[in-house]
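Rule-based calculations on the coordinates, nothing more; no lab input. The structure presented is a predicted model; accordingly, all values stated were derived computationally and were not measured. Cβ: placed from backbone, ideal geometry, glycine included. Neighbour counts: every protein chain shown.
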């Protein structure tokens, strides 16, 4: 375990040295998620420029984003929110040995309460929305609903002061990947959005759930809330080589 940790730190150091020298090498042919590298470069620049010291990982699933943050060189505090029980169990195991990574078993939304979430056969697609025919056809059985799960839902602006023990927030980065629910998360964060220096949201080009907002609706809402687009990074493609979603990174407009 120690050797793996040492190897990881060596890789992190090599990454930082390359970036500080203004160089990065991407093996596109062998890396289907090459856009993650471009996203990582952008976030590295933003975090440095904005002094980010808190990452809110909303829709954390099993913790891949937290791992991505650490591989990308971010060493500050991460709070991950995940409502699905099986996902949360794996997420909490992943975060257990990291003193600055906290996992919380809750969904975020516009109101405090409880709700039923659709847990799909591949939990990547689990959502409060129902997968549509396009999603089920494109990803075979992975997007089919396996069962319903009743989960706690909290507003971020009521929950975050409880977690931090203070009303004032440090420079905060809000990442959302809630399968079509991101705008509901923002509705429940109205009192703390002023402390968010940047946000990341998965925006939909080809909607995969009924009633989910499309990319244009999401971008318009970000602008209304005082955030401007800083980068768009493709999340994946369908069988016709069309982009399905983008990771959209926005920065807060500051006068």
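Some notes on this structure:
- The stretch 166-183 residues near the modelled residue 115 label - backbone nitrogen below 16 Å, point 7 Å along Cα→Cβ: 176-183
- Share of Cα-Cα pairs in the chain lying beyond 35 Å, as whole percent: 12 percent
- The ranking of 211, 47 from fewest to most other beta carbons within 10 Å of each one's beta carbon is 211, 47.
- Sorted by Cβ neighbour density within 10 Å, fewest at the top, the residues 64, 147: 147, 64
- Rounded, prolate or oblate (a/c below 1.5 giving rounded, otherwise prolate when a/b exceeds b/c) for the stretch 110-255 by Cα gyration tensor: oblate
- Helix-only [θ]222 nm of the chain, DSSP H runs n ≥ 4, -39500 (n - 2.57) each, per residue, nearest 500: -10000 deg cm²/dmol
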